[in-house]
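To start, the structure itself, in structure tokens.
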Amino acid sequence: MKVIFLDFDGVLILSNTLHTQDEYDYIQRVVKEKSLPAICLEYQLSDIDFISTDNYSGMYELCGHLFEHHKITHPVYISGPVENTESGIRRKALEDVMNEHGLFLEEKDVLYCNWNYYEVTEELPKWLQENKELPDVFVCANDVMAMAVCEVLENKGIRVPEDVMVTGFDRLESAVLYNPMIAT
């Protein structure tokens, strides 16, 4: 990735769209060399101001509601990439709530779907085939994946929320319009 920083007054870095350490290093180096004012969104890069979402508190509150109000005991976590910071923080919040209720998230109940609708439609049917019992809830790390979960379940005749709950995260308006049963 090579970006030419000519005539920029400043840089807004969408760091959660970068994929490799080389990309992070390149952006940091150029911003520093050019003395450009910069703000980084979501991930902190050294020596660059940043703004981020409180992924932990939002997911913790959502999961607390699920465990306390809905009395769930078996969630499945639909994750972003395994190495993704945001997805990891959201998973940690789920695990912390589970631990408070004497439960443990099993690795077989985590599907890594890279924030991607298509990957959920590929991976979830495999999980459903291997696991005959439905979880109480599919806790999705974003709304796009929650939409995909709803589609897969609907295609299999599984009703949301009557048979299984589905939650998303991010408040994507199209997700709510697609299926008002998605809790965000």
Quick count over region 143-156, residues being open to solvent by 60 Å² or more (accessible area, probe 1.4 Å) and assigned to a helix (DSSP H, G or I), is 3
Selection from region 56-74 of residues surrounded by 16 or more Cβ atoms within 10 Å (Cβ to Cβ) and within 15 Å of the chain's Cα centre (by Cα) yields GLY58, MET59, TYR60, LEU62, CYS63
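Evaluate region 49-67: report whether one residue or more is touching a helix residue (DSSP H, G or I) at 6+ places or on another chain (Cβ under 7 Å) and either in a loop (DSSP other than H, G, I, E, B) or modelled with pLDDT under 85 (or both).
Pass one, region 49-67, residues touching a helix residue (DSSP H, G or I) at 6+ places or on another chain (Cβ under 7 Å): 55-56, 59-60, 63-64, 67.
Now narrow it down to the ones that are either in a loop (DSSP other than H, G, I, E, B) or modelled with pLDDT under 85 (or both): none.
Scanning region 49-67 turns up no residue that is touching a helix residue (DSSP H, G or I) at 6+ places or on another chain (Cβ under 7 Å) and either in a loop (DSSP other than H, G, I, E, B) or modelled with pLDDT under 85 (or both).
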Output for Cβ contacts, cut-off 7 Å, separation at least six or different chains, first residue at pLDDT below 95 in region 74-92, second surrounded by fewer than 16 Cβ atoms within 10 Å (Cβ to Cβ) and assigned to a helix (DSSP H, G or I), reads ILE89/TYR56
Looking at region 143-153, can you tell me whether even one residue there is modelled with pLDDT of 95 or more and touching a Lys or Arg at 6+ places or on another chain (Cβ under 9 Å)?
yes
Condition set assigned to a loop (DSSP other than H, G, I, E, B) and modelled with pLDDT under 80, scope region 21-46, selection most open to solvent (accessible area, probe 1.4 Å): answer is GLN44
Is it the case that some residue within region 3-12 is assigned to a helix (DSSP H, G or I) and modelled with pLDDT of 75 or more? no
Flagged pairs (Cβ under 6 angstrom, 6 or more apart or on separate chains; first in region 42-60, of a type in the set (Gly, Ala, Ser); second surrounded by 14 or more Cβ atoms within 10 Å (Cβ to Cβ)) are SER52/GLU42
Of the residues in region 80-94, those that are surrounded by fewer than 23 Cβ atoms within 10 Å (Cβ to Cβ) and of a type in the set (Ser, Thr, Tyr) number 1
Residues of region 121-142 being open to solvent by less than 30 Å² (accessible area, probe 1.4 Å) and within 22 Å of GLU68 (Cα to Cα), in sequence order, are PRO135, VAL137, PHE138, VAL139, CYS140, ALA141, ASN142
Of LEU105, LEU111, the only residue that is in a strand (DSSP E or B) and open to solvent by less than 70 Å² (accessible area, probe 1.4 Å) is LEU111
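The values are calculated or read from the model by the stated rules, or taken from the named source; none is laboratory data. Since we're looking at a predicted model, the values are computed, not measured. Glycine gets a Cβ as well: all are built from the backbone with ideal geometry, and neighbour counts include every protein chain shown. Surface areas here come from the heavy atoms of the whole protein model, side chains and all, with no ligands, DNA or RNA. Shrake-Rupley method; radii C 1.70, N 1.55, O 1.52, S 1.80 Å.
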